[in-house]
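Shown next, in structure tokens, is the structure this report addresses.
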Amino acid sequence: MAQPRKKTIAPADRAHSSRRSARRARSATRSPARLLPRARRAKFLHYFPDGFQDGTYLAWERDYKWAAHVQWRRVLGREAYRALLAAGDYRVVAAHAVAIEARTNLLFSFEKMALRDAVKTPAGARAFAEGLYDFLHGAGDLQSRFERWVATVSRLPRRQTRVLTWPLVTVFGFIALPSVHFFLKPTVTRLAAERCGLSLDYRSRPNWSTYQSLLTLARAVRRDLAALRPRDMIDIQSFLWVQGSDEYPE
């Protein structure tokens with residue numbers, strides 16, 4: 001049998017082939033390495049095989065948090081909230097906020113009690129209502145608004161239990177604007193970060209550096225989990241909760 005003739009590659013074909021090879025090389029260079037260890041996704045998918053769309057996931061982790069957000073938007077959406085402040089209805093704002101959070105398990109019971117005590121007085125309710133609106137919708141960048149909110153919470157009336165905790169400082173941003181804000185439970189979140197091999201610049205007193213580090217971590221996790229289609233910070237907080245909580249054994 002005659003040997004097939006070797007194909008001659010024209011100069012133009014060579015140039016095209018070279019460009020194609022170069023594009024493949026650049027694409028390979030740009031492909032990011034996975035941020036999270038494989039075991040972290042595996043653990044989440046062990047409990048929730050359909051990921052963030054899983055029916056059990058929705059029932060156990062997402063639905064009650066989203067319901068709190070929907071209720072917040074209904075009674076304390078930006079326009080409604082501003083109207084209540086303009087009318088001086090600070091106690092109404094505080095009552096709505098306390099009631100919405102109370103339907104979740106996000107805060108510890110001692111934090112729920114501290115919050116109720118802090119907004120019982122007219123002065124406490126006003127400081128809380130105005131300070132929270134400023135944090136969510138006020139002027140200035142996020143750092144400035146967060147620092148003002150921390151200062152407001154630190155000055156709220158206190159009876160027995162301290163009000164200035166990470167969960168209390170972050171819970172209302174998380175409920176009101178879950179596309180932007182993250183909820184920090186320090187023990188579980190720090191353990192989750194460690195298990196995921198991620199850095200969290202944690203300090204126990206609420207501060208901007210830690211919150212900025214937390215948001216950076218959450219956005220990185222969200223990008224890394226893009227194939228699972230996370231919707232917002234509720235999904236990212238829930239994913240990290242699964243990694244760090246003893247409710248979900250390794």
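The values are calculated or read from the model by the stated rules, or taken from the named source; none is laboratory data. Because the structure is a prediction, the values reported are computed rather than measured. Heads up, the Cβs are rebuilt from the backbone with ideal geometry, glycines too, and the neighbour counts pull from every protein chain shown.
Looking at segment 197-227 only, could you name the residues that are assigned to a helix (DSSP H, G or I) and of a type in the set (Ser, Thr, Tyr)?
SER209, THR210, TYR211, SER213, THR216
In this structure, does HIS69 turn out to be modelled with pLDDT under 95, surrounded by 12 or more Cβ atoms within 10 Å (Cβ to Cβ), of a type outside the set (Phe, Trp, Tyr) and in a helix (DSSP H, G or I)?
no
Residues checked against (1) in contact (Cβ under 8 Å) with a residue 40 or more places away in the chain; (2) touching a Phe, Trp or Tyr at 6+ places or on another chain (Cβ under 9 Å); (3) under 25 Å from LEU225 (Cβ atoms):
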{"position": "TYR47", "(1), (2), (3)": "yes, yes, yes"}
{"position": "LEU58", "(1), (2), (3)": "no, yes, yes"}
{"position": "ALA67", "(1), (2), (3)": "no, no, yes"}
{"position": "VAL70", "(1), (2), (3)": "no, no, yes"}
{"position": "ARG78", "(1), (2), (3)": "yes, yes, no"}
{"position": "LEU85", "(1), (2), (3)": "yes, yes, no"}
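Take GLY88 and decide whether it is farther than 18 Å from ALA176 by Cα and not in a helix (DSSP H, G or I).
Against the criterion (farther than 18 Å from ALA176 by Cα and not in a helix (DSSP H, G or I)), GLY88 qualifies.
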